[in-house]
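**Student:** What follows is a single structure, and I will ask about it in a moment.
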Amino acid sequence: MGELLDKYNDYMRLENCIVEYVLVDSTCIQFSYKEENFAHLIGLHKLKDIQLVQFWLDKSNKSVKLKDVIKKIKNGSFTDAMVKGSHFYPLIEERFKSFSYDNLTTLNYTGAIIDFDKTLINAKIKSDYVLFEECPNKEYNHMGIAYDARGNYRYVETFFHEPSTKYIAGQMIVKVKKFVLYDSTGKIIVEDKF
């Protein structure tokens, strides 16, 4: 198996699990992991020199959909070698390297931005919550949580690494008090508190 497929399989261990972050101000952020979010979370949408990605992103092209991208990852025909061979790989390299089951399921995210104001930095993300952790080298991992009004649920919109406080500066920040990961039946898999 390749690294991309391994990352997909790790992510799918979380499918339909419920994640809950409780903040010190009692705000409760709940979301779930969905298969359809994997490609974006790992950054495949940025690899615009890969033909499969070009077709997937081309709204006028109905022949390649997200499910086709996922199918090619699963059958091994879209590989980490292709990802790393992309001219655009440096844009997602830190995200790709950091993307792991452990990074998605541990209480590393110690702070949360509430009502993320994307206008402060001209961000394109839709997330209203951004969880973040400070890495030992004073850089940051971020996980953006957005709301789907059509489906009435929260989901992980984005996962990225940023070497500065760009996404944090000037935002309303609240500390995380508790983290709980539930399986699809509601059984607690992991619980951690500060």
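The values are calculated or read from the model by the stated rules, or taken from the named source; none is laboratory data. All values derive from a computational prediction rather than experimental measurement. Every residue, glycine as well, gets a Cβ built from its backbone with ideal geometry; the counts of neighbours run over all protein chains shown. Side chains are part of the model used for accessible areas, which takes the heavy atoms of the whole protein and leaves out ligands, DNA and RNA. Shrake-Rupley method; radii C 1.70, N 1.55, O 1.52, S 1.80 Å.
**Student:** Enter the Cα centre distance for the pair segment 1-65 and segment 77-92, rounded to the nearest angstrom.
**Tutor:** That distance is 16 Å.
**Student:** Along each of the three principal axes of the Cα atoms of segment 56-194, give the extent in whole Å, ordering the values from largest to smallest.
**Tutor:** 45, 39, 33 Å, listed from the longest principal axis down.
**Student:** Using the Cα centre as the reference, give the magnitude of the dipole from point charges on the C-beta atoms of segment 54-123 (Lys, Arg: +1; Asp, Glu: -1; all else neutral), rounded to the nearest 20 debye.
**Tutor:** Values: 11 positive and 8 negative charges, 103 e Å.
Approximately 500 debye in magnitude.
**Student:** Using the Cα centre of segment 111-194 as the reference point, and only Cβ charges (+1 on K/R, -1 on D/E), how large is the resulting charge dipole? Debye, rounded to the nearest 20.
**Tutor:** 140 debye
**Student:** Could you tell me which of I92, Y109, I121 has its Cα farthest along the dipole of segment 81-121 towards the positive end, charges placed at Cβ (Lys, Arg +1; Asp, Glu -1), taken about the Cα centre?
**Tutor:** Going by the charge dipole, the pick is I92.
**Student:** Now a separate question. How much area per residue is accessible in the chain when the probe is 1.4 Å and only protein heavy atoms are counted (Å²)?
**Tutor:** 52 Å²
**Student:** Starting from the Cα gyration tensor of segment 1-101, take the square roots of the eigenvalues, sort them a ≥ b ≥ c, and report rounded, prolate or oblate (rounded when a/c is under 1.5, otherwise prolate if a/b is larger than b/c, else oblate).
**Tutor:** Because a/c hits 1.5 or more and a/b exceeds b/c, segment 1-101 counts as prolate.
**Student:** Mind checking the full-extension length gain between K178 and D49? Use 0.36 nm per residue of separation minus the Cα-Cα distance, one decimal, nm.
**Tutor:** Gain in length upon complete extension: 42.3 nm.
**Student:** Continuing with this model, one more query. Please give the length that would be gained between K62 and Q30 if that part of the chain were fully extended, namely 0.36 nm times their separation in residues minus their C-alpha to C-alpha distance (nm, one decimal).
**Tutor:** Extending this stretch completely gives an extra 8.2 nm.
**Student:** I would also like to ask the following. Taking a ≥ b ≥ c as the square roots of the eigenvalues of the Cα gyration tensor of segment 81-135, is the shape rounded (a/c under 1.5), prolate (a/b larger than b/c) or oblate?
**Tutor:** On the way: a/c = 2.99, a/b = 1.35, b/c = 2.22.
Since a/c reaches 1.5 but b/c is at least a/b, the shape of segment 81-135 is classed as oblate.
**Student:** Which of L91, L14, L66 moves most in a GNM of the chain, Cα contacts under 10 Å?
**Tutor:** Between L91, L14, L66, it is L91 that shows the largest mean-square fluctuation.
**Student:** How far, in degrees from 0 to 90, does helix 3-12 lean away from the longest principal axis of the Cα atoms of the chain, to the nearest 10?
**Tutor:** 50 degrees
**Student:** For the chain, which whole percent of the accessible surface, found with a 1.4 angstrom probe, sits on carbon and sulfur atoms?
**Tutor:** Roughly 49 percent, rounded to a whole number.
**Student:** Same structure again: In debye, nearest 20, what is the charge dipole magnitude of segment 56-185 about its Cα centre with +1 on Lys and Arg Cβ and -1 on Asp and Glu Cβ, if you could check?
**Tutor:** 500 debye
**Student:** Also: Can you give me the pair-distance distribution of segment 141-188, C-alpha pairs, 10 Å bins, whole percents?
**Tutor:** Here the calculated profile for segment 141-188 is 17, 41, 34, 8.
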